[in-house]
1. Please verify whether LYS45 is closer than 30 Å to PRO146 by Cα and either assigned to a helix (DSSP H, G or I) or assigned by TED's automatic domain parsing to the domain that holds SER313 (or both), treating the condition exactly as stated.
2. Considering only residues that are part of a loop (DSSP other than H, G, I, E, B) and touching a helix residue (DSSP H, G or I) at 6+ places or on another chain (Cβ under 8 Å), look in region 48-72 and name the one that is surrounded by the most Cβ atoms within 10 Å (Cβ to Cβ).
3. Do we have LEU197 as in the same structural domain as ALA162 (by TED's automatic domain parsing) and under 16 Å from GLY279 (Cα atoms) here?
4. Find the residue count for region 73-88, including only residues that are closer than 29 Å to ARG376 by Cα and either in a strand (DSSP E or B) or under 24 Å from the mean Cα position of the chain (by Cα) (or both).
5. ILE261 - would you say it is in a strand (DSSP E or B) and closer than 30 Å to ILE373 by Cβ?
6. Hey, any hits in region 268-290 for a residue that's in a loop (DSSP other than H, G, I, E, B), under 19 Å from LEU143 (Cβ atoms) and among the hydrophobic types (A, V, I, L, M, F, W, C)?
7. Could you tell me which residue of region 118-129 is surrounded by the fewest Cβ atoms within 10 Å (Cβ to Cβ), considering only residues that are of a type outside the set (Lys, Arg) and either in contact with a helix residue (DSSP H, G or I) (Cβ under 7 Å, 6 or more places away or on another chain) or outside any helix (DSSP H, G or I) (or both)?
8. Considering only region 347-373, state which residues are under 23 Å from ASN236 (Cβ atoms) and surrounded by fewer than 20 Cβ atoms within 10 Å (Cβ to Cβ).
Amino acid sequence: MPDIFPVFKFNSAAPDVLGILVSERDMLPPFAENAFLRRLDRIGKKRNLRIVAFAPWTWDRRDGTVKGWTWADGENRWVSSRQPLPAVVYDRTWPETDDEKRRCRVALRRIRENTKLTLLNGRLPHKGKVYESLAAIGTLRKLIPPTALYRGPDSLSEWLDAYGRTAFLKPIAGSKGRRVVAFTERRDGTATLTGRLNDNRPFHIEAANRQEAIARLDRWIGERSYLMQPLLELRNEEGDPFDLRALMQKDADGRWTLTGIAARLGAPGSVTANLHGGGTAAPALATLARQFGDVRGRKLLRQATDASFTIASGLETSFGRMAEIGLDYGIDRNGKLWFLEANAKPGRSAMASAGAGAARAAAERPLIYAQSILLRLATTDNRQSACADR
């Protein structure tokens, strides 16, 4: 792949431009979420919004350009050229390694320190801070599972004694259900570790006793930071895991809207219902009604809806402006709703099961919100120019 690209020339009649931050890789297509980005491009063209995907480390401070990827309909492929850095960007980077994460973080910080870049969607801190922030909101406190930082074998042993000889451990900064572990100690003293590897493949380990299981788990965790929570019974009548995914997004006026809530049904034997781990999506109300009855199902759906507006507003107040947030909820066998996780870069595959129009809105709303920001930026620049001319 050549290192030199032609410079794209803009003209005064050009459409608005939205940058999409990606982790560019030497492959075809050159980044993750190809189908989603192509869908954004199709929607953007209908709205006179040009989509330019770029990796943050391609920014050149000397001329303010990036190596931008645009979809060429005539060639049916992504093509690259040097293009001006977009004023507003939508972060869809999915770095796969620690080095790649660091490269993205450093490059983006460099851009923000030297330009007036506007991020469409902010970032959330690690899960521990998110739980702490939400637990401070009175109406949400009862939805947050007990949570503690894993501090080695002794901390886990104490946790097992306090929470029925079970625990659910997850990376403090993980995503997509990777590297999670469910710990179960049986009455006869044997123990089981069930979870997912970094590539989301499932694993199941039997240990002769608690000490052996904890030792194996501690070696596996290594220097990574993990959280411990109770092993909640978040399973349906068939014994398979299930949860709810709510997608909250901003509208053109910057107000939070609920795009939809879908149920996610985990693969048999899995510890999570995450779609990346082989789960499937289903309509939320039908799933809840089948498990808890229609009346209770509707009440749970309303509870998740109300909580989602409170959580979205609370997270934005604590951690800065967001454009969208994915919120995951579990429901135990007693019909109690639990908040599980928040994601500032949510997937939207489940929205196809969330009702008519939810899948379409899930892709359209980030672009609609982006155009409202671009309009405000343009208005502000014009006002400043007018003042400067006087």
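The values are calculated or read from the model by the stated rules, or taken from the named source; none is laboratory data. Every value quoted in this text rests on a predicted model; they were computed, and no experiment measured them. Here the Cβ positions follow ideal geometry from the backbone for every residue, glycine too, while neighbour counts run over all protein chains shown.
1. no
2. Taking region 48-72 and keeping what is part of a loop (DSSP other than H, G, I, E, B), we get 48, 55, 59, 61-64.
Filter again for touching a helix residue (DSSP H, G or I) at 6+ places or on another chain (Cβ under 8 Å), leaving 55, 59, 61.
Numbers: ALA55: 24, TRP59: 20, ARG61: 11.
By that ranking, first place goes to ALA55.
3. The answer is yes for LEU197.
4. 8
5. yes
6. yes
7. Here is the first cut: in region 118-129, the ones of a type outside the set (Lys, Arg) are 118-122, 124-126, 128.
Of the ones still in play, those that are also either in contact with a helix residue (DSSP H, G or I) (Cβ under 7 Å, 6 or more places away or on another chain) or outside any helix (DSSP H, G or I) (or both) are 118-122, 124-126.
Working: THR118: 17, LEU119: 19, LEU120: 24, ASN121: 24, GLY122: 15, LEU124: 21, PRO125: 15, HIS126: 13.
Across region 118-129, the extreme among qualifying residues is HIS126.
8. Scanning region 347-373 gives GLY347, SER349, ALA352, GLY355, ALA358.
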